[in-house]
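The values are calculated or read from the model by the stated rules, or taken from the named source; none is laboratory data. For clarity, every value in this text was computed on a predicted model and none was experimentally measured. Note that we place each Cβ from the backbone using ideal geometry, even for glycine, and neighbour counts take in every protein chain shown. Accessible surface areas use protein heavy atoms only, side chains included; no ligands, DNA or RNA. Shrake-Rupley method; radii C 1.70, N 1.55, O 1.52, S 1.80 Å.
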Amino acid sequence: MRTGSNSIPSSGGMSRVDGRLKVTGAAKYSAEYEVKGLTYGVLVGSTIAKGTIKSIDIKRAERAPGVLAVITHLNSPKVPGYQSANNTPKGQIRIFYDNKIVYNGQPMALVIANTFERALYAASLVTAQYNNGEHQTRLTDNLQAAFSPKDDNEYKRGDPDAWRSAPVKVEQEYLLPSEVHNPMEMHAIIARWDAEDKITVWDKTQGVKDTQTNIALTFKIPTENVQVNSRFVGGAFGNALQVWPHEIAALIGAKVVKRPVKLVLSRTDMFTSVGYRPHTWQKIAIGATADGKLLGINHHAVGQTSAYEDFAEAPADVSRQLYACANVATSNKISSLDIGSPVWMRGPGYATGCFALESALDELSYQLNIDPIELRMRNYTDVDPESGKPFSGKFLSDAYKLGADDIGWSNRSSKPGSLTKDGWLVGYGMAGGVFVADREPATVRATFTDRGKLILQTAVSDIGPGTATAMVALAADTLNIATENIRFDMGDSSLPPAPQQGGSTIMSSVGSAVFLACKQLIEKFKALGDSSDYAQLLKQNKLPKLEVLIDSKAGTEVDKYAMYSWSVHYVVVHVHPVTGVVKMEKVTCVADSGRIISPKTARSQIIGGAIMGIGMALMEEAVIDHRYGRLMNANLGDYHVPVNADIPQINALFVNKADTNINPIGAKGMGEIALIGMAGAVANAVYNATGIRVRDLPITPDKLLGALPHVA
Ligand code: MOS
């Protein structure tokens, strides 16, 4: 096994096993399958935010060329699972269920035609009359109505008011706008009924098993009668973690027209129909001693949710455990608005919380005149302050040092606005990230053939991090065989169960199962004879193959340790003193996520997350026209995300120390920590450059204009 080292070369490690398939277009995404008799569905969304449908006119659409069906709440077949869901007060939209409109853009009709263009045209002919209700879509007007969806959303230890009597204090509010996932591949499904109680879907999903279960429950058919294929996924940041109404719509449609239906969301639908990171208000109060010891933290968050679902994140929870502090109070509340439901988005809660906490800590550092890294080290803890348990593995202090050296932290000025270069203001900033390190149950089948091939099979999706690549690297390392001889099968619900690809759990969960399967194969080979030529051993024993099935899950270690991955982001920004443009000049990210199994894909993962964090800091913002409760920038022209020209060299470094307490491979997730903390690092750098503290993201030039220091 590799020894711990952070000197992972930037070009080291194996390339993606599916890289060639992806760049040549040979990799098929859900919408790209050729299914016999295929038809095309297009959704029609509501144009009001709240009310009821008085009448809906589908006649012109029905008469349009090539149209096979127009489905609404008036003619939709009943969905069996929807009927029993009557008892659940809150949950997802039941599509075509009744005439209630609960957000602007809510699907009201599905038009199915024999070509996509005809379906799209016919959809434009559907009109509706409404009884308008009075909508509320502005979070900041509805903070008073916030509530705790669960009791454990409020937390206290020690004296919650301790911060008030501290010698040095920060008390500030922070705002994060809604952000939309916008993976390159839009949500897409091909839905087919193979029999009255049998379904096949090709569907973009982060969890084929979860999608299988959900569809089976919704249509009340046996789970094994639902086949979910999601072989390749073109990005997903949490929005493919659940089955959405459009997927059920496609299945309803396929039932009606008795042919398979393909439904691809438009980019605009992607903004309204598959969740987003919730707009969140936070208030933080911190008190410290003059030498920077934290005496008390209050952290309260209110996120927006829909009127029909109590979706809640826990942004304030980072303040329970990021720093040693005896007196802490946190709460995570939500406010119900007449908008679509939010959902998890990369680093859910933690990204939002770390922006606020790490900004507040930066503010404190200037008041104390203590270096921000030094301030964090003075409040460093190896024991989880919430549970009292030791961390399973925490080397964040190593990460601080690695990143500080790489970015050239010693060149930072502690006086805001005092550094310039070529007429631009220069600022250094840093902030940390943390995310829970879970290990979920996972089952892997490993088959070794007498031709020397290893086939690994499990029903996981790969939304982009390079799961197959990492698993092949791990198996090659464990069995000491060439990576070319290993195949990793996934994205198919008929394979052995694996968790959803979400919450940075797959390396730990599936990776452990792969490792244990390889170990068990080695034991079985040992029993066959004394040779490391496994194919030869099988032939000698007249065995065509050797197969093991490993069920793996977390054990009692979860009771002994608090388990997290950590990161720290360092940035240098240049801010234009006249225009307020913020240019990312240099970025260094350091991950403390245990042992690095697959250096090249790990590096990509960190860089991708960092870029998403830069978007969060400087650009991303879903804007509602509150008169209509409708998104104004539901397209990639008006909703800004970083492009290559916005992004400098990003150095991804790894502490690369195995966390041997969490699982047998010592690896933890890094998908979320890649992003978490970045927005705070950028905001802190902008302050260092300008003396302007922006607490409401994104940091657009208008928030800096008029207050920028003069540059001679
Ligand atoms: Mo995610 S929010 O781990 O897909």
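For Gln172 and Asp382, a Förster radius of 25 Å and the Cβ-Cβ distance give a FRET efficiency of 0.30, rounded to the nearest 0.05. Annotation for the stretch 25-97 versus the stretch 617-657: alpha-carbon center distance of 30 Å. In terms of its C-alpha gyration tensor, the stretch 421-501 comes out prolate, because a/c is 1.5 or above and the ratio a/b outweighs b/c. With the alpha-carbon atoms of the stretch 248-306 aligned to their principal axes, the span from lowest to highest coordinate is 72, 19, 16 Å, starting with the largest.
Extending 7 Å from the Cα toward the beta-carbon at both Asn661 and Leu549 defines two label points whose distance is 3.5 nm. Would you mind classifying the stretch 292-402 by shape? Square roots of the alpha carbon gyration tensor eigenvalues, ordered a ≥ b ≥ c; an a/c under 1.5 is rounded, otherwise it is prolate if a/b is larger than b/c and oblate if not. Here the stretch 292-402 falls in the prolate category. Binning the C-alpha pair distances of the stretch 554-712 at 10 Å intervals from 0 yields a P(r) profile of 10, 32, 28, 19, 9, 2, 0 %, listed from the shortest bin outward. Taking 0.36 nm per residue of sequence separation and removing the Cα-Cα distance, the Ala645/Ile522 pair yields an extension gain of 39.4 nm. How charged is the neighbourhood of Lys100? Take every other residue with its Cβ under 15 Å from the Cβ of Lys100, and add Lys/Arg as +1 and Asp/Glu as -1. Neighbourhood net charge equals 0. Taking every Cα-Cα distance in the stretch 617-657 and sorting them into 5 Å bins from zero, the calculated P(r) comes out as 5, 17, 17, 15, 13, 11, 8, 7, 5, 2, 0 percent. Accessible surface of Leu705, taken over heavy atoms with a 1.4 Å probe and every protein chain present, rounds to 90 Å².
Please identify the helices of the chain, taking whole runs of DSSP H, that span at least 24 Å along their own axis as judged from the Cα atoms and have a mean Kyte-Doolittle score of -0.5 or higher. Intermediate values should be presented prior to the final figure.
Details: long enough: 350-368 (26 Å, 0.35); 506-528 (32 Å, 0.99); 599-618 (28 Å, 0.72).
Those that pass (Cα extent of 24 Å or more, hydropathy at least -0.5) are 350-368, 506-528, 599-618.
The trypsin sites (Lys or Arg not before Pro) of the stretch 69-154 that DSSP puts in a loop, and whose beta carbon has at most 16 other beta carbons within 10 Å, are Lys78, Lys90, Arg138, Lys150. Here the simple spin-label model places points 7 Å from the Cα toward Cβ, and for His710 and Lys59 these points are separated by 7.2 nm.
Which percent of the accessible area of the stretch 180-265 is formed by carbon and sulfur heavy atoms (probe 1.4 angstrom)?
On the way: 1480 of 2660 Å².
About 56 percent, which is the carbon plus sulfur part of the accessible surface.
For Ala324 and Asp194, calculate 0.36 nm times their separation in residues minus their Cα-Cα distance, and state this gained length in nm to one decimal. It would help to have the intermediate numbers written out before the result.
On the way: separation 130, 0.36 × 130 = 46.80 nm, distance 5.77 nm.
Here the answer is 41.0 nm.
When GluC sites (Glu not before Pro) are flagged only if DSSP places them in a loop and at most 16 other Cβ atoms lie within 10 Å, the longest unflagged stretch of the chain comes out as 387-712.
Our summary gives the stretch 339-475 a relative contact order of 18 percent, counting only alpha carbon pairs under 8 angstrom and 6 or more residues apart. Of all DSSP-defined beta bridges confined to the chain, some 75% are antiparallel rather than parallel.
Semi-axes of the stretch 243-346's equivalent ellipsoid from the Cα gyration tensor, sqrt of 5 times each eigenvalue, largest first, rounded to whole Å? Walk me through the numbers on the way to the answer.
Numbers: eigenvalues 373, 29, 21 Å².
Its equivalent ellipsoid spans semi-axes of 43, 12, 10 Å.
Each label was represented as a point 7 Å from its Cα along the Cα-to-Cβ direction; for Asn541 and Lys560 these points are 3.3 nm apart. Think of the chain as having a plus end and a minus end, set by charges on the Cβ of Lys, Arg, Asp and Glu; of Ala610, Val460, Ala404, Val460 sits farthest toward the positive end of this dipole. Taking Cα centre as origin and charging only the Cβ of basic (Lys, Arg, +1) and acidic (Asp, Glu, -1) residues, the dipole magnitude of the chain rounds to 1320 debye. The residues of the chain expose on average 38 square angstrom of accessible surface per residue, using a 1.4 Å probe on protein heavy atoms. Computed from the Cβ-Cβ distance with R0 of 30 Å, the FRET efficiency linking Asn411 to Asp291 stands at 0.75.
When you restrict to C-alpha pairs under 8 Å that are six or more residues apart and normalise by the size of the chain, the relative contact order lands at 17 percent.
Under the rule a/c < 1.5 gives rounded, and otherwise a/b versus b/c splits prolate from oblate, where does the chain land using the Cα gyration tensor? Write out the running numbers ahead of the final one.
Details: a/c = 1.78, a/b = 1.10, b/c = 1.61.
Oblate.
You can think of it this way: the chain between Asp696 and Asn635 has 19.8 nm of extra reach, that is 0.36 nm per residue less the Cα-Cα gap. Given a 1.4 Å probe and the protein chains as shown, Phe271 ends up with an accessible area of around 10 Å².
List residues of the stretch 333-360, by number, whose backbone nitrogen lies under 20 Å from a label position 7 Å along Cα→C-beta of Ala145. Residues passing the 20 Å test: 333-343.
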